Amino acid sequence: MGTVTLGVSIAVPEPYGSLLQERRACFGDPAAYGIPTHVTLLPPTEAAPELLPAVEAHLTEVAAASLPFPMRLCGTGTFRPVSPVVFVNVVEGAAACSWLQKRVRDASGPLERELQFSYHPHVTVAHAIDEPAMDRAYAELADFEAAWTCASFALYEQGPDGVWRKLREFAFGGGIGSVPAQGQPVDEPEPAGPAVTS
């Protein structure tokens, strides 16, 4: 029957999400508009379609056991030379993201998987483009800052066109509402790279 490619991530809300997505496109990243701005909790993972109900039930439980927490982004970092990624740093909320991603990948659940690299929450702003453009992304977003209260995460599926689309959002047990949709009608997690994903 084949498999579907799933991912779980926290969307970066407006106006920050679209701003970073547009900057990523301006840096020349062709994947920018198929990958709205996010912090990955589960990198792209193959699963049988019949497992989707179990996946949703599992994520519902993880979200129900979670509470909203402050997220703050500030400055840039890079995984180069190991991986061609420039990102915006998660300077507050990283511990909560780590807690969530461990529970999403829990060995007793349907999304169990090993990571190629240790988990490092981040927001990718350039991936696999030429070095001058990577340098530009690193320099031009060095002063970028954003802050919000994270109250949910979402499950996404990658389509045959390579675009990631939201299947369902999961509000935390003490949730105050969902993250606003980004300007583009798609959302996603991204390919694995050092420190998990981009």
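Laboratory data are not the source of any read-out in this text; all were calculated from the coordinates shown. Small disclaimer: the values here were computed from a predicted structure and weren't measured. Heads up, the Cβs are rebuilt from the backbone with ideal geometry, glycines too, and the neighbour counts pull from every protein chain shown.
Overview of results
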| read-out | value |
| --- | --- |
| In nm, spacing of pseudo-spin labels at Asp106 and Glu46 (7 Å Cα→C-beta vector) | 2.6 nm |
| Between the stretch 83-162 and the stretch 6-41, the alpha-carbon center distance in angstrom | 10 Å |
| Percent of Cα-Cα distances greater than 19 Å, calculated over the stretch 1-79 | 53 percent |
| Net charge dipole size for the chain [Lys, Arg +1 and Asp, Glu -1 on Cβ; Debye, nearest 20] | 280 debye |
| Fully extended contour minus Cα-Cα distance, from Arg80 to Glu145, at 0.36 nm per residue | 21.2 nm |
| Highest-first arrangement of 111-124, 4-17, where packing means the average Cβ count within 10 Å | 4-17, 111-124 |
| Glu56 versus Glu114: modelled label distance in nm, points set 7 Å from Cα along the beta carbon direction | 3.2 nm |
| Principal axis dimensions, the chain - Cα atoms, whole angstrom, descending | 44, 38, 30 |
| Efficiency of FRET between Ala133 and Thr5 - r from beta-carbon atoms, R0 30 angstrom, step 0.05 | 0.65 |
